[in-house]
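Participant: One structure follows; several queries about it will come next.
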Amino acid sequence: YYVLGPDEPNAPGHLWRTADSWPPKSRTRSFYLAADKKLALQPPEKEASLSFQYDPKNPCPTLGGRNLVLKHGPFDQSKLAGRSDVLVFSSEPLKENIEIAGRIECVLFVSTDAKDTDFVVKLCDGYPDGRQMLVADGIVRLSRREWPKPPVPVEPGKVLSVRVDLGNMAYVFAKGHRVVVHITSSNHPRYDANPNTGKLSWQEKEPKRAKNMVYFGGERASRLVLPVWSGGGK
């Protein structure tokens, strides 16, 4: 398998490794989200939350990613970071390289005042020059949070635990870079903008705005879970 790395001279990664199976041996490392927009290896001491308004008539645009027809690849997401419907969390500059290999997921504790909505997670590499290059992304619809089981009704205001699958990746976050996470509720047109009414987008003529919330700390410790390579194989 091929290990990707930053687009910089002499950057780590950019090499082939071998393993007896996929994913290779790894250990999980969690980066916890906090209300001060930081990512840390320890969960915040106090419970807190952040909210944003998601308007399906003004969805967050698709900017790169694993697309077929749309422009694809690791585009810089920093131009989306200033949107009011995007929460951005960032680690401190890394003191050492972090090589990941395997499936990435984000465990979120969330709620909405709508009948249904989506949550999008983007994992980015924060460069020292301010770029936030897309590494992986994923999406979950609250009513489909138990997939492949049938849809489950969403109770407005109720806090739910969801797992967002960001897919498989082999990548090196370089020393001095940051691990960055974007959370929003749309990635359009790659995914249809959820109308927040419980209907599908093409069935709804009057989409509604939603107030969506993300929770941190205590029993609601939202976190990014990375598969850190254990050094097996070559």
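The values are calculated or read from the model by the stated rules, or taken from the named source; none is laboratory data. In this text the structure is predicted, and so the values were computed from the model without any measurement. Note that we place each Cβ from the backbone using ideal geometry, even for glycine, and neighbour counts take in every protein chain shown. All accessible areas refer to the heavy atoms of the entire protein, side chains included, with ligands and DNA or RNA removed. Shrake-Rupley method; radii C 1.70, N 1.55, O 1.52, S 1.80 Å.
Participant: Kindly evaluate PRO23 against the criterion of being assigned to a loop (DSSP other than H, G, I, E, B), open to solvent by 40 Å² or more (accessible area, probe 1.4 Å) and in contact with a Phe, Trp or Tyr (Cβ under 6 Å, 6 or more places away or on another chain). Show your work before the answer.
Facilitator: Values: assigned to a loop (DSSP other than H, G, I, E, B): yes; open to solvent by 40 Å² or more (accessible area, probe 1.4 Å): yes; in contact with a Phe, Trp or Tyr (Cβ under 6 Å, 6 or more places away or on another chain): no.
No; evaluated as a whole, the condition is false for this residue.
Participant: If I filter region 162-174 for residues that are buried (at least 18 other Cβ atoms within 10 Å of the Cβ), touching a Gly at 6+ places or on another chain (Cβ under 8 Å), assigned to a strand (DSSP E or B) and not hydrophobic (A, V, I, L, M, F, W, C), do I get at least one hit?
Facilitator: There is at least one residue in region 162-174 that is buried (at least 18 other Cβ atoms within 10 Å of the Cβ), touching a Gly at 6+ places or on another chain (Cβ under 8 Å), assigned to a strand (DSSP E or B) and not hydrophobic (A, V, I, L, M, F, W, C).
Participant: Same structure again: Within region 201-208, is there a residue that is touching a strand residue (DSSP E or B) at 6+ places or on another chain (Cβ under 9 Å) and more than 13 Å from LEU87 (Cβ to Cβ)? It would help to see each step written out before you state the result.
Facilitator: So in region 201-208, the residues touching a strand residue (DSSP E or B) at 6+ places or on another chain (Cβ under 9 Å) come out as none.
No, region 201-208 contains no residue that is touching a strand residue (DSSP E or B) at 6+ places or on another chain (Cβ under 9 Å) and more than 13 Å from LEU87 (Cβ to Cβ).
Participant: Any residue that is in contact (Cβ under 8 Å) with a residue 40 or more places away in the chain, open to solvent by 50 Å² or more (accessible area, probe 1.4 Å) and not in a strand (DSSP E or B) - is there at least one of those in region 53-63?
Facilitator: Yes: one or more hits.
Participant: Restricting attention to region 140-160, which residues are within 15 Å of ALA210 (Cα to Cα) and open to solvent by 70 Å² or more (accessible area, probe 1.4 Å)?
Facilitator: Start the filter on region 140-160 by keeping residues that are within 15 Å of ALA210 (Cα to Cα), which leaves 141-143, 154-159.
Within region 140-160, GLU155, PRO156, LYS158 qualify.
Participant: Something else now. Return the residues of region 179-234 that are free of Cβ contacts under 8 Å to residues at least 24 places away in the same chain and either touching a Leu at 6+ places or on another chain (Cβ under 9 Å) or of a type in the set (A, V, I, L, M, F, W, C) (or both); say none if nothing qualifies.
Facilitator: Listed by number, the residues that qualify are ASP192, LEU200, TRP202.
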